[in-house]
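Down below is the structure, laid out as structure tokens.
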Amino acid sequence: MPVQHKPKTYPLRELGLSAEKLDKHAVSITDRLVKAGFEAYLVGGCVRDLLLGMHPKDFDVSTNAEPEEIQALFKNCRLIGRRFRLAHIHFGRHIIEVATFRGPHIKHDKNASHAHKDGRLLRDNVYGTLEEDAWRRDFTVNALYLDPKKKTVIDYVGGIEDHQQRILRLMGDPVTRFKEDPVRLIRAIRFQAKLNFQIESNTAAPITKMAPLLKDIPAARLYDEVLKLFLNTHATQIFELLRQYGLFEALFPQTELCLNNADSDAPLRFIKQAMTNTEARLKNNQHVTPYFLLATL
């Protein structure tokens, strides 16, 4: 995919989008930031999902305002995170996440950014421009910026074209990007199932080989990502894709060993039935206990 030095700008109406679908709290945040002299956009999964006609679960904001500058503008703001400093702006129980544009990783400045010897980014608080932020994101379809004021979508990376072709493409060298954050390995699988997209061939090629990197992810973060994998209406497909790419073994080695050495397909049928039951309960808006699902694995 060629690098775009000049962004493409699409009117919302050209993409079949309506400003009425935007979260009012997220828009109010962008409005206040812009009035204070900053840039501010809706970004990531909310734009991607709106383009699919879906109702986004979360609306995230990206800006050139730094965390302390964001906090100074919003009394209902709380700064979180050390690895990746963010602002959470609270509207009752509703939270809008606001992140400062990220720039390139700086090897010699460990206070701003710090990478493990295996390539994982342990700290990432180097701030940059809108274009730099776009190229720092994971998949092209997650690097689209919606300007509520101008009613446009800004695309530096060819994300609109990939979205229209339903392609998941990791930006940059896939090996390097997966090393930076191995959670991207399982995010690719989740997005393939959730969005009905296909993982682009260069992105898919190193996934199986890089599966062992998942063991280095902190347990708390990995737990949250595993819940996202299975507590949704595509759990069975995700389970099958994880096994296909060798990621399930990295997450649940004993279970994979059991499945491979079973005398019958009973263990496999048991797990798939648990996944099917989970999907059915979620479709019926029924409560699902994550501990039950994890116990089956």
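Here, each number is a calculation from the coordinates, and none is a lab measurement. Note that the coordinates shown come from a computational prediction; the quantities given were computed from them, not determined experimentally. As a convention, Cβ positions derive from the backbone with ideal geometry for all residues, glycine included, and neighbour counts pool all protein chains shown.
Taking Asn232, Asn261, Asn196 as the candidate residues, the one with maximal mean-square fluctuation in a Gaussian network model of the chain, Cα springs under 10 Å, is Asn261. Around the Cα centre of the stretch 161-228, unit charges on the Cβ atoms of Lys, Arg, Asp and Glu (plus for the first two, minus for the last two) sum to a dipole of about 200 debye. Residues of the stretch 127-155 with an amide N closer than 13 Å to a point placed 7 Å from the Cα of Arg13 along the Cα-to-Cβ direction: 151-152. Each Cα pair under 8 Å and six or more residues apart adds its separation to the average, and for the chain the resulting relative contact order is 13 percent. Amide H contacts for Arg102 (H built 1.01 Å from N in the peptide plane; partners 5 or more residues away or on another chain; cut-off under 5 Å): Gly128, Asp133. Extent of the stretch 178-297 along its three principal axes (Cα atoms, max minus min coordinate, largest first): 36, 35, 28 Å. Legend: ranking of residues Cys258, Cys77, Cys46 from fewest to most surrounding C-beta atoms inside 10 Å; resulting order Cys258, Cys77, Cys46. Residue-normalised convex hull volume from the C-alpha trace of the stretch 1-69: 135 Å³ per residue.
Its alpha carbons give the stretch 177-228 an Rg and a Dmax of 11.1, 31 Å.
Springs between Cα atoms under 10 Å define the GNM used for the chain, and in it the highest mean-square fluctuation of His287, His90, His234 occurs at His287.
Beyond 22 Å between alpha-carbons counts as too far, so tell me which of Lys8/Lys150; Lys150/Lys194; Lys75/Lys150; Lys228/Lys283; Lys151/Lys228; Lys24/Lys151 fall in that bin. Write down the numbers at each step before the final one.
Working: Lys8/Lys150 14 Å; Lys150/Lys194 30 Å; Lys75/Lys150 26 Å; Lys228/Lys283 15 Å; Lys151/Lys228 31 Å; Lys24/Lys151 14 Å.
Violating the 22 Å limit, Cα to Cα: Lys150/Lys194; Lys75/Lys150; Lys151/Lys228.
Along the axis of the charge dipole computed for the chain (Cβ charges of +1 for Lys and Arg, -1 for Asp and Glu, origin at the Cα centre), the listed residues Thr100, Leu33, Asn142 are led at the positive end by Leu33. Between Cys258, Leu297, Tyr223, the Cα set farthest toward the positive side of the dipole of the chain (charges on each charged residue's Cβ, about the Cα centre) is that of Tyr223. Placing +1 on the Cβ of every Lys and Arg and -1 on the Cβ of every Asp and Glu, with no other charges, gives the chain a dipole of roughly 400 debye about its Cα centre. Values of log10 I(q)/I(0) for the chain across q = 0.07, 0.17 Å⁻¹ run -0.29, -1.56, by the Debye formula with one identical scatterer at each alpha carbon and no solvent.
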